[in-house]
Amino acid sequence: MSKRGAYVIVGLLASAAFCCSLALGNLFFENLSLNNDEAVYVLEAQMFGEGDVTLSDSAHGDAFRPWMSGRVGGDRLVLVQQPTLPALMALSEALFGTMRIALAAIAAATVVAMYALTNALLRDLRIAVVTSACFVLSPLVMVQSAMFVSYVLAVSLTAASLALLTRGLDRQTQGQRFRPWLVGAGLFEGLLLCTRPLEGIIFGGVIFAWAFLRSANVRIAIRAMMWVYVASTPLLIVALAYNSFTTGDPFTFALWTIGGDDSFGFGMRSIAEHSQFIHVGPWEAWLALRVNLRAFPHWIVGGVVSLPLAVWGASRLWTISRSVFWLVIVQLCLTPFAYFFYYGNYLIIGGRNLYGPHYYLSLLLPTMVLLGVGLVDLAGRRRVLLLGVIGAMALGMAIEIPDKVNVNISARDAIAAEVELVESTVQEPAIVLIPKGKDGPYILHPWGAFSNPPGLDSDVLYAVDLGARSLELVERFPDRRFYRFAISGNGDPADPSAPHSGPFIEPLTVVSGSGLNISASAKKIDRLFVDDELFRCSGSASAITIDVTLSSTTLAGCTELPIALNRSAAHVRIFAGADDTSVAAYLPIGRLPQSETSNGVAQRLAVFAPPSLNEMEGDSILHSLPPIAVPWFDLKITAS
């Protein structure tokens, strides 16, 4: 194969990766994915586009605080993602009007880097071209290159640095001019450190091993390493300067400001402030490593069918180049070893069926080399055998891909339904209250599609439902309509009797007065979920008791059950429905404990005695919640 022919094929493969990134991004991830890191990258890119590196803490507060953001003082919120990819996305948005061009360009560049690396390692154009083709056709690359995450970019930088390092080592051994190659390798390593620090540290170990494996003697290896490490220093200084601008300390990364504990090692770990701590020990680490590595073959070209071919490629590589063989072994071992001690490895288990084990995407570099060597070797032996192997790989892909497509279509449609619900229901300007996620009160998690611009200046804003504190937003945004987004029915097994199933939006208004008269009727005898309440008593710090009485004597078989409630205080404000109705989630009414009844006598069902309302965080107060059937209430609210 001629160089020109190889360049043409690699150019076509890079173009295919470019188009695939754009196509899959628009087909599956138009509203982003369930991986909420995407939404953080997009927000950070928008921030860079407006010339900022932090957000205003006072403007965002708790209601608008984004996922994966840390408070660093000086009225600043910093986002955790490293700046390289967001900067490229911001540049793409400025030049082309879309951030997806950046992702597509990165995918294309990674294909070229893969070709350059393989050719530098083995000096065989055919293997380099086949390796690049295998890389492009791997589902893990297809999916990750269409998402706003930095794993493909990290692989591109790793491949480019290793290719330049290999060229530099070979030229140094041959007595030719080598320093520009090593400096280039160091610059790419420095950029990798700025992009994904852990990947940069792991690759630093690969550089160390490869310098000794490829060099003629120890002196050449040490000199080469020094050139690479020194050349990476300027970009490391840039990373420290970025830390200084964002966190206020050059040696404090943004990830360390978000609370929780996701440090290396074992113990109690939590991803962020408000998130639940879980114990991660050697057994959990081994489970995560085993599950993710077991998933990895299902995301390469050919699926698990390609594993025997990779083994065959390894056997042939041993005869072609012992040094490259050991480089492959180092890469295959070093990444899993490092992630064994990282808590995040445990967290990605749930997403492996949707997006693959993305922490292990760098393993594609050695794996694709093995596949390329194996296929080219078979081509030189028996073409019939080669055609059989390619047919088996195609069959493996045909088996693997449908499940991956189906789960992503399901996730895409669920996200699109929620976005469409908001767009079709909400009248601008508005604020949509969304529930707290399992990891705490954050925007962008778990609903990454519900995002706010950095300046909070869009016609529709999303705010976390903070209970009684959400009424503060009425004073801050008096000209906006208010809505509540929630998921009930099938989406919330704790709320089977809710009058909605799945996501729903209800308009809210503010009823204000010295007292509120509330009448309610039970529509369905069933269990229901009591959400945070949204009410406040102004100017009163005393506890208020609410008596709930029935004017009927029995619940059995009842479909319309009138209930009278009276509440009075110095001043009461409450979110209600825009038509003066509201569901029970917005009042301290819900799963009411039942007691014996006597005919003709009004029955007290429950007494609510909340603490001082101006100190409440919005949690509903119920004395007892036995698992028995209770009504879902329709409410009529008037002020007096």
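Here are some notes:
- For segment 72-113, convex hull of alpha carbons as volume per residue, Å³: 87
- Scattering profile of segment 357-398 at q = 0.18, 0.21, 0.24, 0.33 Å⁻¹ [log10 I(q)/I(0), Debye over alpha-carbon scatterers]: -0.62, -0.75, -0.86, -1.01
- Cα-Cα P(r), segment 298-414, percent of pairs per 10 Å interval: 13, 35, 32, 16, 3, 0
- Here the peptides 172-181, 138-147 are ranked by packing, the mean other Cβ count within 10 Å, and the order with the highest first is 138-147, 172-181.
- Convex hull volume of the C-alpha atoms in segment 210-357, normalised per residue: 164 Å³.
- Summarised in one figure, the compactness ratio Rg/Rh of segment 234-299, Cα atoms and Kirkwood Rh, is 1.14.
- Dipole magnitude for segment 1-134: about 820 debye, using +1 per Lys or Arg Cβ and -1 per Asp or Glu Cβ, origin at the Cα centre.
- Over all pairs of different C-alpha atoms in segment 52-128, the reciprocal of the mean inverse distance, the Kirkwood hydrodynamic radius, equals 15.5 Å.
- Dipole magnitude for segment 307-423: computed about the Cα centre from +1 point charges on Lys and Arg Cβ and -1 point charges on Asp and Glu Cβ, it is near 880 debye.
- Nitroxide proxy distance, nm - points 7 Å out along Cα→Cβ at residue 56 and residue 383: 7.0
- Our analysis of segment 3-82 gives Rg over Rh at 1.21, with the two radii drawn from alpha carbon positions and Rh computed by the Kirkwood formula.
- Label point distance in nm, residue 238-residue 323, each placed 7 Å from Cα along Cα→Cβ: 3.0
- When Rg and Dmax are taken over the Cα atoms of segment 427-466, they come to 10.0, 29 Å.
- Radius of gyration, Dmax [segment 110-163; alpha carbons; angstrom]: 11.1, 34
- Per the Debye formula on identical point scatterers at the alpha carbon atoms of segment 121-202, with no solvent, log10 I(q)/I(0) at q = 0.14, 0.21, 0.22 Å⁻¹ is -0.58, -1.04, -1.07.
- Relative contact order, whole percent, for segment 59-199 stands at 22, derived from Cα pairs under 8 Å and 6 or more residues apart.
- Convex hull of Cα atoms in segment 75-174, direction-averaged projection (nm²): 8.7
- Cβ charges +1 (Lys, Arg) and -1 (Asp, Glu), total dipole of segment 191-280, debye: 560
- Two-decimal log10 I(q)/I(0) for segment 136-261, as the Debye equation yields it once each C-alpha is a single scatterer, q = 0.14 Å⁻¹: -0.68
- Electrostatic bookkeeping for residue 442 treats Lys and Arg as +1 and Asp and Glu as -1; over the other residues with beta carbon under 10 Å from its beta carbon, the sum is -1.
The numbers here are math on the coordinates, done by the rules we state, and not lab data. Keep in mind that this is a model prediction, so the values were computed, not measured. Glycine also receives a Cβ, built like all others from the backbone with ideal geometry; neighbour counts cover every protein chain displayed.
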